[in-house]
Amino acid sequence: MVELKISNLSASVEGKKILKGVDIDVKGGEIHALMGPNGAGKSTLGNVLIGHPNYVIEGGSIILDGKDLTDKTPEERARAGLFLAFQSPISIPGVKISSFLRTAYKQLHPEDKVTVTEFFNRVKEHLKLVGLDESFMSRSVNDGFSGGERKRFEILQMAILKPKIVVLDEIDSGLDVDALRLVAEEIIKYHSKEVGFLIITHYQRILKNIDPDFVHILVDGKVVRNGDKNLALKIEEEGYDWIKE
Ligand SMILES: Nc1ncnc2c1ncn2[C@@H]1O[C@H](COP(=O)(O)OP(=O)(O)O)[C@@H](O)[C@H]1O
Ligand SMILES: [Mg+2]
């Protein structure tokens, strides 16, 4: 069974303590939304989960399917099934999207003997589904992508690389209504009993297209409320101030 257990996780960046004991448990089949005001530490949690080198874990643990990933490298986390989407600041000029995806897929799923042609057909199919042109395959990874293209590419990576746990940070930012719908459809299609989602979002825009099973509110590095989608609706109406007080 798929289960990501984030326990009492605290972390700092540049010597500043940002996460102060976060507990979130994501099981296969579940969609969790992590919400919170600006600066609460949501993206920090995403970065800590993927093992970004600037973020230092001070305590607690990250365990996926019984495997302790707390001190593991980003590559080991990815191999364990945690989804690492290349985030905005990283571009890899010179590495074509097609070869990046093929290399990453072979590392994650060595048992799949898919041929090159079959694999690229899969990629083409998903490019279409997220609304990207086929010529995208021969571009360099994140090199000169627009905000919207980066988000679509993130979802493409999810659909192709097939992780067990998908962490998406502000996937709805920079997308127009139509692009958001395509992205949400891909997420829903990928959703199964074998996959858990942690969708990080400030606004509840994406949650209009995707129903979360659980909603967590992060304020000042701590989860201060847990609930279901009604909690997200309350945030939409009343903002975050009522929680902070
Ligand atoms: N790389 C970094 N260097 C310095 N401070 C950072 C860095 N990343 C995050 N922070 C700080 O951590 C706090 C939480 O930021 P962040 O996790 O981005 O919040 P959120 O995503 O909830 O808006 C903020 O005070 C931010 O300035
Ligand atoms: Mg953020």
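The values are calculated or read from the model by the stated rules, or taken from the named source; none is laboratory data. Worth saying up front: this structure is predicted, and the values here are computed from it rather than measured. We place every Cβ from the backbone using ideal geometry, glycine too, and count neighbours over all the protein chains shown. SASA here: full protein model, heavy atoms, side chains in, ligands and nucleic acids out. Shrake-Rupley method; radii C 1.70, N 1.55, O 1.52, S 1.80 Å.
Might you report the magnitude of the Cβ-based charge dipole of the chain about its Cα centre, with Lys and Arg at +1 and Asp and Glu at -1, to the nearest 20 debye?
500
For GLU185 and GLU134, calculate 0.36 nm times their separation in residues minus their Cα-Cα distance, and state this gained length in nm to one decimal.
Working: separation 51, 0.36 × 51 = 18.36 nm, distance 1.95 nm.
Full extension from GLU185 to GLU134 adds 16.4 nm.
Using the charge dipole of region 143-205 (Lys, Arg: +1 at Cβ; Asp, Glu: -1 at Cβ; taken about the Cα centre), state which of MET158, GLY196, LEU175 has its Cα farthest towards the positive end.
Value: GLY196.
Using amide H atoms built 1.01 Å from N in the peptide plane, name the residues 5+ places from VAL215, or on other chains, whose amide H lies under 5 Å from its own.
Result for VAL215 returns ALA33, GLY227, ASP228.
Using a 1.4 Å probe and counting only protein heavy atoms, arrange GLU149, GLU134 so the residue with the most accessible area comes first.
Output order, biggest surface exposure first: GLU134, GLU149.
Quick one: 3J(HN,Hα) in Hz for region 94-111, Karplus 6.51/-1.76/1.60 with θ = phi - 60°, rounded, Gly and Pro as x.
Once rounded to whole Hz, the list reads x, 9, 6, 4, 4, 6, 4, 5, 5, 4, 4, 5, 5, 5, 7, 10, x, 6.
Mind checking the dipole of region 43-153: about its Cα centre, +1 per Lys or Arg Cβ, -1 per Asp or Glu Cβ, Debye to the nearest 20?
In debye, rounded to 20, region 43-153 gives about 320.
Rg(Cα) of region 1-148 divided by 2.2 N^0.38 Å?
For region 1-148, the normalised Cα radius of gyration is 1.18.
Let me have the relative contact order for the chain, percent, based on Cα pairs under 8 Å that are six or more residues apart.
29
If you line up the Cα atoms of region 87-245 on their principal axes, what length do they span on each, largest first, in Å?
The Cα atoms of region 87-245 stretch 55, 33, 28 Å along the principal axes, largest first.
With springs connecting C-alpha atoms under 10 Å apart, model the chain as a Gaussian network and identify which of VAL130, VAL224, VAL215 has the largest mean-square fluctuation.
Greatest mean-square fluctuation among the candidates belongs to VAL224.
Taking a ≥ b ≥ c as the square roots of the Cα gyration tensor eigenvalues, with a/c under 1.5 meaning rounded and otherwise prolate when a/b beats b/c, else oblate, which class fits region 86-162?
Working: a/c = 1.75, a/b = 1.44, b/c = 1.21.
Prolate, since a/c reaches 1.5 and a/b exceeds b/c.
Angle between the Cα long axis of helix 229-238 and the longest principal axis of the chain, 0 to 90 degrees, nearest 10?
Around 70 degrees separate the two axes.
Using a Förster distance of 22 Å, how high is the FRET efficiency between ASP68 and GLU194, based on the Cβ-Cβ distance and rounded to 0.05? The partial results should precede the final answer.
Numbers: r = 21 Å, r/R0 = 0.95.
Efficiency, rounded to the nearest 0.05: 0.55.
So for the pair GLU58, SER146, with labels modelled 7 Å out along Cα→Cβ, what separation do we get in nm?
4.1
Quick check on packing: order 152-163, 189-200, 60-71 by the mean number of other C-beta atoms within 10 Å, highest mean leading. Show your work: numbers first, answer last.
Values: 152-163: 21.6, 189-200: 18.2, 60-71: 15.8.
Ranked from most to least packed, the peptides come out as 152-163, 189-200, 60-71.
What accessible area per residue comes out for region 101-188, rounded to a whole number of Å², with a 1.4 Å probe?
45
Calculate the FRET efficiency for ASP112 and GLU14 from the Cβ-Cβ distance with a Förster distance of 51 Å, rounded to the nearest 0.05.
My answer for the efficiency is 0.80.
Students often get this wrong, so check it: of LYS72/LYS151; LYS27/LYS164; LYS208/LYS229; LYS5/LYS164; LYS42/LYS244; LYS42/LYS189, which have C-alpha atoms separated by over 19 Å?
From the list (LYS72/LYS151; LYS27/LYS164; LYS208/LYS229; LYS5/LYS164; LYS42/LYS244; LYS42/LYS189), the Cα-Cα distance tops 19 Å for LYS72/LYS151; LYS42/LYS189.
In whole percent, what relative contact order does region 86-162 give with Cα contacts below 8 Å and a gap of six or more residues?
Taking the mean separation of contacting Cα pairs over the length of region 86-162, I get 51 percent.
Taking H placed 1.01 Å from N in the peptide plane, check which residues at least 5 places from VAL223 or on another chain put their amide H under 5 Å from its amide H.
ASP23
Nearest 5 percent is fine: what portion of the DSSP beta bridges confined to the chain is antiparallel? Don't skip to the answer; put the middle values down first.
Details: 26 of 40 bridges.
Antiparallel bridges make up about 65 percent of those DSSP assigns within the chain.
Select from SER61, TYR105, ASN142 the residue farthest towards the positive end of the dipole of the chain; place +1 on Cβ of Lys and Arg, -1 on Cβ of Asp and Glu, and compute about the Cα centre.
TYR105
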